[in-house]
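Here's the structure, in structure tokens; my notes come after.
The values are calculated or read from the model by the stated rules, or taken from the named source; none is laboratory data. Predicted model only: the values in this text are computed from it and were never measured. Glycine gets a Cβ as well: all are built from the backbone with ideal geometry, and neighbour counts include every protein chain shown. Heavy atoms of the whole protein, side chains included, go into the accessibility calculation; ligands, DNA and RNA do not. Shrake-Rupley method; radii C 1.70, N 1.55, O 1.52, S 1.80 Å.
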Amino acid sequence: MAHRFPALTSEQKKELSEIAQRIVANGKGILAADESVGTMGNRLQRIKVENTEENRRQFREILFTVDNSINQSIGGVILFHETLYQKDSQGKLFRNILKEKGIVVGIKLDQGGAPLAGTNKETTIQGLDGLSERCAQYKKDGADFGKWRAVLRIDNQCPSNLAIQENANTLARYASICQQNGLVPIVEPEVIPDGDHDLEHCQYVTEKVLAAVYKALNDHHVYLEGTLLKPNMVTAGHACTKKYTPEQVAMATVTALHRTVPAAVPGICFLSGGMSEEDATLNLNAINLCPLPKPWKLSFSYGRALQASALAAWGGKAANKKATQEAFMKRALANCQAAKGQYVHMGSSAATSTQSLFTASYTY
Ligand SMILES: O=P(O)(O)OC[C@@]1(O)O[C@H](CO)[C@@H](O)[C@@H]1O
């Protein structure tokens, strides 16, 4: 089996690995601001704000026009299609505002779930048709990385071998297409926290899922140095009665990663999966202090855990811009410290930051 048909040139590889490394340099992580219109609607409903394009734009303008020093903790921002083409109130494209801060722009590429017949309500993810053309256009329009989220569930007969293989293969096909178009693929196989399973069960499943994903990435000739992984942390199910410390979560998470993720992968940016802002930060900090070998950067790509207190501070009112930006900056800084294992929890936290952000059967 000779290596006769290289997938990428050395220039393409260089570009991809440089983008991936920039995003996770020096404790930086990712702001996942790629909520679809429906998901953003759920977030806005919580603060009693109508889900209009203008309200979505206004909130995102406040986040993206935060002080330039945000570029010390945020290396990349994932956008939804609508947001990539939106402008601030002065008429400047959001993507240019981010780029001028030195932040890498990313784009959500998956297009929602479809049922896998004959399984216990498992899904695969759609969006491969026309993906190459979409990637080429997004690259022209300033995006340098993509994101694709696959969902695996722990339940009776779940995840099935079919769901694991199908989602691994789809993620790998997506990653290959991204790389052909100069986008770093963020590979996101999320084992969702619904259920009453314990930590050990989540670790077992997460290992099986990640092992299948890296086999598929290899089969599809994906250049690992030009990818980022966005996994769940290994946690007990949301309804599990046994509680675990951040150190236990960290040990289970790093063990699972150490067994399955090649050292060539430059960075692993966890999703927050409904954890409270503070738990997401404390767990990330413990992960970075875990005494196991950690050949990759271990950072964050949080949606809810970076935006919950900012959303609450905003409440749909322009007058709350300063408080909103302060709340966002605070979480970004805390997570950047956690990505270096340097986060020190300062006693009492604002109520919002310790509130669970879990939503059952979270769809996007
Ligand atoms: O679990 P979190 O950290 O809130 O969000 C993880 C995530 O994959 O799901 C969201 C909805 O699509 C995205 O905004 C984000 O990228």
Check: Out of all the residues in the range 28-39, which are more than 15 Å from Gly146 (Cα to Cα) and either open to solvent by 10 Å² or more (accessible area, probe 1.4 Å) or free of Cβ contacts under 8 Å to residues at least 24 places away in the same chain (or both)?
Finding: Lys28, Val37, Gly38
Margin query: Can you pull out every residue in the range 345-364 that is small (Gly, Ala, Ser), part of a loop (DSSP other than H, G, I, E, B) and either open to solvent by 80 Å² or more (accessible area, probe 1.4 Å) or modelled with pLDDT under 75 (or both)?
Written below: Gly347, Ser348, Ser349, Ala350, Ala360, Ser361
Check: Quick one: which of Val222, Val191 is within 24 Å of Gly118 (Cα to Cα) and β-branched (Val, Ile, Thr)?
Finding: Val191
Notebook entry, point to check: In the range 28-83, what count of residues is obtained for those that are among the aliphatic types (A, V, I, L, M), away from the ligand (no atom under 11 Å from the Cβ) and under 16 Å from Ser272 (Cα atoms)?
Noted result: 1
Next item on the list: Check Leu183, Leu171, Leu210, Leu228 and return the single one that is within 16 Å of the chain's Cα centre (by Cα) and over 26 Å from Asn283 (Cβ atoms).
Entry: Leu183
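Looking only at the range 145-156, count every residue that is open to solvent by 20 Å² or more (accessible area, probe 1.4 Å) and within 16 Å of the ligand (Cβ to nearest atom) and tell me the total.
Restricting attention to the range 145-156, the residues satisfying the condition of being open to solvent by 20 Å² or more (accessible area, probe 1.4 Å) are 151, 153, 155-156.
Narrowing further to those that are within 16 Å of the ligand (Cβ to nearest atom): 151, 153.
Qualifying residue count for the region: 2.
Just for strands (runs of 3 or more DSSP E) wholly inside the range 70-144: which have at least 2 residues that are of a type in the set (A, V, I, L, M, F, W, C) and crowded, with 19+ Cβ neighbours inside 10 Å?
74-79, 104-108
Results for (1) surrounded by fewer than 17 Cβ atoms within 10 Å (Cβ to Cβ); (2) touching a strand residue (DSSP E or B) at 6+ places or on another chain (Cβ under 8 Å), shown as yes or no for each residue.
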site: His238; (1), (2): no, no
site: Val249; (1), (2): no, no
site: Ala256; (1), (2): no, no
site: Thr260; (1), (2): no, no
site: Ala263; (1), (2): yes, no
site: Ala280; (1), (2): no, yes
site: Lys297; (1), (2): no, yes
site: Lys317; (1), (2): yes, no
Item checked: Of all residues in the range 99-113 being out of contact with any helix residue (DSSP H, G or I) (no Cβ under 6 Å at 6 or more places or on another chain) and away from the ligand (no atom under 16 Å from the Cβ), the one that is farthest from Leu31 (Cα to Cα) -> Glu100
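Quick one: which of Leu282, Leu257, Leu333, Leu292 is assigned to a helix (DSSP H, G or I), away from the ligand (no atom under 14 Å from the Cβ), in contact (Cβ under 8 Å) with a residue 12 or more places away in the chain and farther than 25 Å from Ala33 by Cβ? Give the derivation first.
Values: Leu282 fails: farther than 25 Å from Ala33 by Cβ; Leu333 fails: farther than 25 Å from Ala33 by Cβ; Leu292 fails: assigned to a helix (DSSP H, G or I).
So the residue among Leu282, Leu257, Leu333, Leu292 that is assigned to a helix (DSSP H, G or I), away from the ligand (no atom under 14 Å from the Cβ), in contact (Cβ under 8 Å) with a residue 12 or more places away in the chain and farther than 25 Å from Ala33 by Cβ is Leu257.
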